[in-house]
1. Identify, by number, the condition in (1) modelled with pLDDT of 95 or more; (2) exposed (fewer than 15 other Cβ atoms within 10 Å of the Cβ); (3) under 24 Å from D54 (Cβ atoms) that E171 doesn't meet.
2. If K92 satisfies every condition in (1) within 18 Å of D222 (Cα to Cα); (2) surrounded by 18 or more Cβ atoms within 10 Å (Cβ to Cβ); (3) modelled with pLDDT of 95 or more but one, which is the exception?
3. Quick one: which residue in G33, G76 is outside the structural domain of S135 (by TED's automatic domain parsing), over 20 Å from D244 (Cα atoms) and at pLDDT below 95?
4. State all residues of the stretch 67-93 that are out of contact with any strand residue (DSSP E or B) (no Cβ under 7 Å at 6 or more places or on another chain) and over 24 Å from R125 (Cα atoms); if no residue qualifies, say none.
5. From the residues in the stretch 46-64 that are among the aliphatic types (A, V, I, L, M) and either under 17 Å from R125 (Cβ atoms) or outside the structural domain of L227 (by TED's automatic domain parsing) (or both), which one is surrounded by the fewest Cβ atoms within 10 Å (Cβ to Cβ)?
Amino acid sequence: MDAHQSVLSSEAISALVINSDGVFIDCTYGRGGHSKLILEQLSERGRLIVIDKDLAAIEDAQQKLGDDGRVTIVHGSFRDIAEAANQAVVEKVDGILIDLGVSSPQLDQADRGFSFNHDGPLDMRMDQSQGQKVSDWLATAAERDIRIVLKKYGEEKFAKRIAAKIVVAREIADIETTHQLVSLIEEAIPFREPHKHPATRSFQALRIFINDELQDLETCLDSTVPLLAPLGRLVVISFHSLEDRIVKRFMRLKARGEPLPSRLPIRDDQIKRYLKLLGKPIRPSDEEVRENRRSRSSIMRVAEKI
């Protein structure tokens, strides 16, 4: 049994799959929880494209879905969603699901370096076939750059103290493991927030930065509207405020239409709008949070192509 529990599963699939013969994209396959549920709703004529940066996730998809003729599996970032659709010989899709964040197997596997609870190499790359490890970046980054990353992507109040501690420590020994970094953060932070590990914000920040997650998200969102067929659905599940802010801003902009000069004589019906917001943001139920603590910060937004 997979350790990973997909968040807001029933809510996401209910919002996403409105046509059993349609074409859908799961932008972040993970361990296939959402993909499995999507396929259960599709007919033999339906199609599913699954994308993931993580080679372990792609291997899992090949094992579970490789024999299903309805499925196309693509290794890569969801920022290249249009290219993935082209690879599947698809021009328009009926639904796009983006489930952001880190999967449980990534967090629980010590050698991936995502978790401050398990000691392992300080890696954090979603795609281990390319890119720079966090340990390599910390070895050479300027103190100012480390501080900016921790502040910008982790909203870490003690970013300056942590960055200074890292720079001093690396002169003595390379920072190569998660527990080395955790110890430095704990020493740098003067007090702990209740119910929050002191390394939470820093690990989030470094993961987002090293994987270029926010830029990937913005690029992906920009590609969704041209790819969606009329009445096609965009469903996005976020796990922290930085992601959700980007999703919220994007959906509102596409629903309101491009901003125009306030005194321009134009009627409301002449404004070009691309999306319609569907319902209010959805959060996990108390029962889901009890069963899966990692779902507690999730929020889902849904929009429909006009």
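The values are calculated or read from the model by the stated rules, or taken from the named source; none is laboratory data. Remember, it's a predicted structure, so these values are computed and weren't measured experimentally. Backbone-built Cβ (ideal geometry, glycine too); neighbour counts: all protein chains shown.
1. Here E171 meets the rest and fails (3).
2. Single failed check for K92: (2).
3. G33
4. D67, D68, G69, N86, V89, E91
5. Filtering first and then ranking leaves L55.
One line per residue, one yes/no per condition, for (1) assigned to a strand (DSSP E or B); (2) at pLDDT below 90; (3) farther than 15 Å from I98 by Cα:
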| site | (1), (2), (3) |
| --- | --- |
| M251 | no, no, no |
| K254 | no, no, yes |
| P261 | no, yes, yes |
| I266 | no, yes, yes |
| K272 | no, yes, yes |
